[in-house]
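Encoded as structure tokens, the structure appears first; notes follow it.
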Amino acid sequence: MVDHHRKINLLPGLMLLAGFAPCFAHADLAEKYESEILPIFENYCYDCHGDGLRKGELALDHYETIDSMVADRDMWRRVRDHIDFRLMPPPDEYAPDDEERNKLISWIDDAIFPVDLENPDPGHVVLRRLNRPEYQNTIRDLLGVTVNVQEILPQDDTGYGFDNISDVLTLSPLHLERYLEAARLALDEAVELGPQEPFETSIRGRDLEGHGNEERAGRYLASNGEAGADVPLRGTGRYRIRVRAGSTPAGDEDAKMELRIDGNVLKVWDVSSHRDEPGDHEVEVELEGDGKVPFRLAFTNDFYDEEAEPDRRDRNLLIARLEVEGPLDGPLAPKRETHRRIFSPREEDQSDESYMKAILARYARQAFRRPVSDEEVGRYLIFLEHAKRQGGDVEMAVRMALEAMLVSPSFLFREEPTFEQSAGGKSRISEHALASRLSYFLWSSMPDETLGTLADEGKLRENLHQEVRRMLASAKSRALIDNFVGQWLQLRDMDAVSPNRRAFGDFDRNLAEDMRRETEKLVEHVIREDLPIHTLLEADFTFLNERLAKHYGIEDVKGGEFRKVSLQGTPRRGLLGHGSILTLTSFPTRTSPVLRGKFVLENILNTPPPPPPPNVDALETDRREGSDTTLRQQLEQHRSDPNCSSCHALMDPIGFGLENFDGIGRWRDEDRGQPIDASDTLVTGQKFSNAEELRTIIARDYQGTFHRAVANKMLTYALGRGLQWYDRPAVDEIVLKAQGEEARFSSWVIAVAEAVPFQYRRDLAAAK
């Protein structure tokens, strides 16, 4: 018999909670616990978590005061999540109804995770160093050169799903050594010391424009066409052109690549190197004139034979890099543009010290992303003496000073040293700090001149909406897709997926790249067209090229170029029909309803299930020839274990709804000769028969949950810290504002940029 009259003495702890004096609100919470909350716990939870029982190391009757509950917030967060996600009580036990669950959650929020809606806590972001993408982009925008830091800097740790989280971005001696190496390489590219030499420009294949697809390895031409760039020449003379390229073999000849300038064919190469190991192709030609010249590289002999072996079926061309050097004879041209950008014209009779100080003041202001004092700049003048002692000049001194700046804490770390003081235990960050937060949020790079000028004038906040829209329209917002979306939707992991070739012989790296591009293209379309964010879940269109369209069984898509394609009449709509998501959430040899359900819960609904309990055996699947046991039957047997049932009841139905998609995202009606059953029931009782009905439920009935997930993910990434219980008002406000603007993409970014945690930070002296 459960004793419903059992009482605990909550009032003394409540009165002393966090140092506050007794108040009627706290007393009301104590009374509510005894009269309404405790009976629910006793009815449904004490059989395992009370009366001397502590299953899972949890005894609810161990907490005798609200003060003791607050002292163990991590445990009570798990209690709240288990109640909210319907993980407890287990599915086969007597369970509270929706009204009782809501009452429990509401009380836990009010008593254990209270927030001040009138004066919300903005939290505190610790000093954070630049991660690899941020460092590379900042160097690019500061000096005008690109250094491949992926090969130099150690890989960044991740936290809360992102690699820009302050807690995990430590600085080791190895980091400092590698940052110095990267700084030297960047300055070697940007600065030309000593006598003038032939100019050399190097362009990554992925940065070429024209036909083909932009891939990490370069520009990939899957059909005949040309791509190139306008390259600046430095006068008439002989130039050396070097192209790094590779191909995929097919037919009886190598891929042919033409070098074209102003429509004239200057050279034809046979590209025999494989695309995985591109080779160099070089020629020297006489060119006339000055200024930019259109260099084009053309693929001219496309070939495809569907009957051939998979690795000899499709002839394509990959352009990894274009290099132009010269003139190799005649008078030397001026030093490269990046050098001239640093070393502006010198005034007549201007001293070395004055000239150097003017350059460093300008670059320190940009590199440190804030105003700098004369004293701060003056420290770097010591390099003038060092340079002259080594027989150098002021240009050498400036280069040495810039190298020191690029390993300075003020450059490597995102500083926010100045604040506009405010009341209530929080301070509003300065406009320069706001400019930096915005630029690294949307561009993963330093503020540009427009942001800096507005911050100097104190007008950034009043122009915040216009600036967000300008920044989203910029090509640099591609960083938001690469770094935010790429980690939120785990697209970065597509480089590492490796489906079993025996089980999925049609899968290769080209297809993996196409899958990633499809999802990126959809997100980019939502951003550029400023569509509602839930378009990602319910879009009846996507972006395909011929290869991916054939993989999906969609006809009338020809060529290697991606284009917008209708999905009407197909079982695919939104992200849950994308090959990238479906492949990422599969095992190498089979689908995984568990991984797919977990992905939707974590990334789409922001309701991650708890980790599996210790000492629970992993699912052993029987995939032997002749075995007729379906994956559903094996999982149902696995989740009959009481330790597994509650979490699997949350994840598995979602995964089963997507079971018609195989391990690389192809549609199928059978698995091992048996019809696929994609029907199931969510823990909320909602039933569905197939992937389309499941998608409709998620997109329609859980749209608000998805919106809240977007707010959580975007705010986490923008702040560079994990969200805490006191961030709930900020998340609520972001969702409210964005939904009021039809949930268009720009409205989410603006709402995040206006949120209290983005505009303020906790006073260091504030007691929390």
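The values are calculated or read from the model by the stated rules, or taken from the named source; none is laboratory data. These figures come from a predicted structure and were not determined experimentally. Note that each Cβ is placed from the backbone with ideal geometry, even for glycine, and that neighbours are counted across all protein chains shown. We work out accessible area using only protein heavy atoms, side chains counted, and drop any ligands, DNA or RNA first. Shrake-Rupley method; radii C 1.70, N 1.55, O 1.52, S 1.80 Å.
Annotations for the structure displayed:
- Some residue of the stretch 411-420 being of a type in the set (Val, Ile, Thr), modelled with pLDDT under 95 and either part of a loop (DSSP other than H, G, I, E, B) or closer than 17 Å to Thr138 by Cβ (or both): yes
- Members of the stretch 141-163 that are within 18 Å of Leu402 (Cα to Cα) and at pLDDT 95 or above: Asp141, Leu142, Leu143
- Count - residues of the stretch 160-194 that are under 17 Å from the mean Cα position of the chain (by Cα) and not in a helix (DSSP H, G or I): 7
- Unmet requirement for Val191, which otherwise passes all of (1) touching a strand residue (DSSP E or B) at 6+ places or on another chain (Cβ under 6 Å); (2) open to solvent by less than 70 Å² (accessible area, probe 1.4 Å); (3) under 30 Å from Ala401 (Cβ atoms): (1)
- Helices (runs of 4 or more DSSP H) enclosed by the stretch 343-405 - at least 2 residues per element that are without any contact (Cβ under 8 Å) to a residue 24 or more places away in the chain and within 26 Å of Ser430 (Cα to Cα): 352-367, 374-378
- Answer from Glu286, Glu282 - the residue that is at pLDDT below 95, of a type outside the set (A, V, I, L, M, F, W, C) and surrounded by fewer than 14 Cβ atoms within 10 Å (Cβ to Cβ): Glu286
- Selection from the stretch 214-264 of residues that are modelled with pLDDT of 95 or more and among the β-branched types (Val, Ile, Thr): Ile241, Val243
- Arg365 falls short on exactly one of the conditions (1) out of contact with any Leu (no Cβ under 8 Å at 6 or more places or on another chain); (2) surrounded by fewer than 15 Cβ atoms within 10 Å (Cβ to Cβ), and that condition is (2).
- Any chance Asp81 is in contact with a Pro (Cβ under 8 Å, 6 or more places away or on another chain), open to solvent by 30 Å² or more (accessible area, probe 1.4 Å) and either closer than 17 Å to Phe113 by Cβ or at pLDDT below 85 (or both): yes
- Candidate set: the stretch 289-316, residues that are part of a strand (DSSP E or B) and among the basic types (Lys, Arg); chosen: the one least open to solvent (accessible area, probe 1.4 Å): Arg315
- Filter result (of a type in the set (Lys, Arg) and open to solvent by 30 Å² or more (accessible area, probe 1.4 Å)) within the stretch 670-725: Arg672, Lys687, Arg700, Arg708, Lys713
- Within the stretch 50-78, considering residues that are β-branched (Val, Ile, Thr) and part of a helix (DSSP H, G or I), the one surrounded by the fewest Cβ atoms within 10 Å (Cβ to Cβ): Val70
- Of all residues making up the stretch 219-250, the number that are outside any strand (DSSP E or B) and either crowded, with 18+ Cβ neighbours inside 10 Å or not β-branched (Val, Ile, Thr) (or both): 6
- Considering Gly657, Gly665, the condition of being at positive phi, crowded, with 18+ Cβ neighbours inside 10 Å and at pLDDT 95 or above is satisfied by Gly665 alone.
- Residue count, the stretch 567-589 (criterion: assigned to a helix (DSSP H, G or I) and either out of contact with any Lys or Arg (no Cβ under 7 Å at 6 or more places or on another chain) or modelled with pLDDT under 95 (or both)): 7
- Within the stretch 104-141, the set of residues being in a helix (DSSP H, G or I), more than 24 Å from Asp81 (Cβ to Cβ), in contact (Cβ under 8 Å) with a residue 60 or more places away in the chain and open to solvent by 10 Å² or more (accessible area, probe 1.4 Å) comprises Pro133, Asn137, Arg140, Asp141.
- Number of the exception - Ala186 against (1) open to solvent by less than 30 Å² (accessible area, probe 1.4 Å); (2) touching a strand residue (DSSP E or B) at 6+ places or on another chain (Cβ under 7 Å); (3) among the aliphatic types (A, V, I, L, M): (2)
- Every pair of residues 6+ apart whose Cβ atoms lie under 9 Å, when the first sits in the stretch 68-82 and is within 15 Å of Asp110 (Cα to Cα) while the second is aromatic (Phe, Trp, Tyr) and open to solvent by 30 Å² or more (accessible area, probe 1.4 Å): Arg73/Trp725; Arg77/Trp725
- Some residue of the stretch 317-338 being open to solvent by 50 Å² or more (accessible area, probe 1.4 Å) and polar (S, T, N, Q): no
- Residue count for the stretch 251-269 satisfying the condition of being exposed (fewer than 13 other Cβ atoms within 10 Å of the Cβ) and over 24 Å from Pro232 (Cα atoms): 2.
- Picking from residues in the stretch 38-49 that are closer than 20 Å to Asp74 by Cβ and in a helix (DSSP H, G or I), the one that is most open to solvent (accessible area, probe 1.4 Å) is Cys48.
- If only residues of the stretch 427-445 that are among the small types (Gly, Ala, Ser) and surrounded by fewer than 23 Cβ atoms within 10 Å (Cβ to Cβ) are counted, the one that is nearest to Leu480 (Cα to Cα) is Ser445.
- Count - residues of the stretch 421-454 that are assigned to a helix (DSSP H, G or I), among the charged types (D, E, K, R) and within 21 Å of Ala751 (Cα to Cα): 2
- When the residues of the stretch 529-539 are filtered to those that are closer than 21 Å to Arg516 by Cβ and assigned to a loop (DSSP other than H, G, I, E, B), the one that is most open to solvent (accessible area, probe 1.4 Å) is Glu529.
- Residue in the stretch 727-743 that is part of a helix (DSSP H, G or I), open to solvent by 10 Å² or more (accessible area, probe 1.4 Å) and farther than 28 Å from Ala473 by Cα present: yes
- Cβ-Cβ distances below 7 Å connect the following pairs, each with a first residue in the stretch 451-480 that is free of Cβ contacts under 8 Å to residues at least 12 places away in the same chain and surrounded by fewer than 21 Cβ atoms within 10 Å (Cβ to Cβ), a second residue that is assigned to a helix (DSSP H, G or I) and aliphatic (A, V, I, L, M), and a separation of six or more residues or different chains: Asn463/Leu454.
- Test for Pro12: is it surrounded by fewer than 16 Cβ atoms within 10 Å (Cβ to Cβ), at pLDDT below 85 and in a helix (DSSP H, G or I): yes
- Matching entry among Asp506, Asp514, Asp448 (being among the acidic types (Asp, Glu), open to solvent by 10 Å² or more (accessible area, probe 1.4 Å) and farther than 23 Å from Gly144 by Cα): Asp506
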